[in-house]
Amino acid sequence: MKYQFYLCKNIELFLCYLTNIIIYYDYYMDNTQEVTPWNVTTSNKFMKIDYHKLIEKFGCDPIDGSLIKRFEQVTNCKAHTWLRRGLFFSNKDLNKILDRYEKGLPIGIYTGRGSSSALHIGHLIPFMFTQWLQDVFSAVVVIQMSDDEKFFFKGTSEKKDVEHYNKLTYENAKDIIACGFDPDKTYIFSNYRSCGGDLYQNVVKISQTVTGNQIRGIYGLNLDDNMGKLMWPAFQCAPAFSNSFTSIFHKKGLFSEVQSKESFSEIYPDGTCDFTGKHIPMLIPMAIDQDPYFRMACDFADKYKKKGYIKPARIHAKFLVDLKGVNNKLSSSNSTTAIFLSDDLESIKRKIKKFAFSGGKETSELQMKFGGNLQFDVSYQWLTYFMDSDEELKNIAHAYRFGKMTSSEIKTTLSDEIVSIIKKHQEKVKLITPEILHKFFNKNREFDMSIKKREPIELESDENYNKYGINFDIYFGTDVLLSKETLEYETLLYKI
Ligand code: TRP
């Protein structure tokens, strides 16, 4: 009896210790990665960002097979490679967007870009995906070019005036337009030059609901920061509501289902009036670091629910890793290693050859014996984005992992893909005339709100769907086939 009692007590104590260890481990792990709107990094060169942790921390939901199945069922479109491969991996309320589309009702899409001196290939990812979503949902897209944000955050250190960032807006917009946005369904705006009217009215409402302490808590800003930085979050949130663009989304007479004559206020002496009806739900595609803004937007929407405000839905991308290693997202400040959309094709090849961190081994004998590590091989990681066919990617994964492909061969494969994407992109940019650019920036025109109907597509088996999204194995089963020698060799090599 006594013996049993001690045993139980000991087990209890042991479990208690174990939980503590797990809690400390968790805490420690969380401190080794930082993901904020200003910084994305992990402390160890070989540690990748833990996206499951981010989903948990940000209170979002993973994109899994059942969501992808429903997406295909409702939209009659095959899921984008990036959805299937779990590169857009997390969401909030995407199901609500699908419910709405299922009823034949419109949705809006909002995304944005801080004007910068040159866009690199990683910047294209959210825009290529947004353009695809535009096509799938026949949605009007609004794109905020946050030249003012960049002035607040970079103006002092870069010693540049606000006009500088405003000019960059139009240059960057050409790269964005070249992703194939529909001119009749897309509005791009410089926040610096055009934030006013109904968009500004939402900035006012949002600002009044958030305290300085909350801004410090969410964004880590403080009273030493300039006032522009402190107020910026309200500006990034405001376009997440359809009534910020009344003349586009709530034109009188549109959508009798969602608005009636009573949806507008009286006309004020200055000739304007407010939209007072129920909003159109907005979907925001973005890299996950931007999510804090939109959690703030959701808190605000809650407070304004009775006035027709809807929480924005979000869909999040992982970061394209830096050429130099998987622990950093690509950044333009690494100007020697980033691949810019304006780079000439030869220098792209040179950069990949010279800088792409290789998971390959030092000599060809060792490579044949131990193969290349796919997790740390930046060329392989990039191919998961830019190589469309799963079949080809799988072949590369197996050949490279098991030493039948060399590091320089995988680099050449990547180089060919990137060069072809950038070449096509540059050709499209050349075709953008000042007239086309002006059209995208002009709000006072007709926007095409029609919704395209599609024939149903054939769905896959549930077994297939279960392997998609967050469960997609981008290493195609190579991990479990590794020999003990390889595992031991790499543990020493990478100190993992
Ligand atoms: N803050 C973003 C950046 O620094 C730009 C941005 C503005 C944005 N509005 C957005 C990004 C909406 C995603 C969604 O690049």
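The values are calculated or read from the model by the stated rules, or taken from the named source; none is laboratory data. All values derive from a computational prediction rather than experimental measurement. Methodologically, a virtual Cβ is constructed for each residue, glycine included, from the backbone with ideal geometry; neighbour enumeration extends over all protein chains shown. Ligands, DNA and RNA are stripped out before the accessible areas are found, and what is left, the full protein with its side chains, is counted by its heavy atoms. Shrake-Rupley method; radii C 1.70, N 1.55, O 1.52, S 1.80 Å.
The table below lists the values:
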{"item": "Sulfur and carbon atoms: percent of accessible area, the chain [1.4 Å]", "result": "55 percent"}
{"item": "Residues in segment 387-402 reached by a label modelled at Lys467 [backbone nitrogen below 15 Å; 7 Å Cα→Cβ]", "result": "389-398"}
{"item": "Base-10 log of normalised Debye intensity for segment 307-429 (one unit scatterer per alpha-carbon) at q = 0.18 Å⁻¹", "result": "-0.96"}
{"item": "Segment 111-254 - accessible surface per residue (Å², probe 1.4 Å)", "result": "38 Å²"}
{"item": "Burial ranking of peptide ranges 460-469, 446-455 (average Cβ count within 10 Å, highest at the top)", "result": "460-469, 446-455"}
{"item": "Top positive-direction residue, dipole computed over the chain with Cβ charges, set Phe386, Ser263, Leu481", "result": "Ser263"}
{"item": "Average projection area in nm² (convex hull over Cα atoms of segment 155-254, one quarter of hull surface)", "result": "8.3 nm²"}
{"item": "Antiparallel bridges, percent of DSSP beta bridges restricted to the chain (to nearest 5)", "result": "45 percent"}
{"item": "Where Lys369, Lys428 fall by accessible area, highest first, once all protein chains stay in place (1.4 Å)", "result": "Lys369, Lys428"}
{"item": "For the chain, size of Cβ-based charge dipole, Lys and Arg +1, Asp and Glu -1, in debye", "result": "460 debye"}
{"item": "Kirkwood hydrodynamic radius over Cα pairs of segment 362-496, then Stokes diffusion coefficient at 25 °C and 0.890 mPa s, in µm²/s", "result": "130 µm²/s"}
{"item": "Computed over the chain, Kirkwood Rh from alpha-carbon pairs, angstrom", "result": "24.7 Å"}
{"item": "Under the Karplus curve 6.51 cos²θ - 1.76 cosθ + 1.60, θ = phi - 60°, whole-Hz ³J(HN,Hα) for segment 308-315, x wherever Gly or Pro sits", "result": "x, 6, 10, 5, x, 7, 9, 9"}
{"item": "Förster radius 22 Å - calculated FRET efficiency between Ser408 and Asp344, Cβ distance, rounded to 0.05", "result": "0.55"}
{"item": "Förster radius 60 Å - calculated FRET efficiency between Ser66 and Ser157 (Cβ-Cβ, nearest 0.05)", "result": "0.85"}
{"item": "Helical mean residue ellipticity (222 nm; -39500 (n - 2.57) per DSSP H run of 4+; nearest 500) of the chain", "result": "-15000 deg cm²/dmol"}
{"item": "Residue-normalised accessible area of segment 412-496, given per residue in Å² at a 1.4 Å probe", "result": "68 Å²"}
{"item": "Positive dipole terminus of segment 52-184, leading residue within Thr75, Gly112, Phe88 (C-beta point charges)", "result": "Phe88"}
{"item": "Relative packing of 430-436, 344-350, 233-239, 285-291, which averages over residues the other C-beta atoms within 10 Å, highest first", "result": "233-239, 285-291, 344-350, 430-436"}
{"item": "Members of Lys69/Lys96; Lys96/Lys305; Lys53/Lys311; Lys160/Lys351 lying beyond 26 Å, as alpha-carbon distances in this model show", "result": "Lys160/Lys351"}
{"item": "Cα-centred dipole magnitude for segment 319-416, charges only on beta-carbon of K, R (+1) and D, E (-1), debye, nearest 20", "result": "380 debye"}
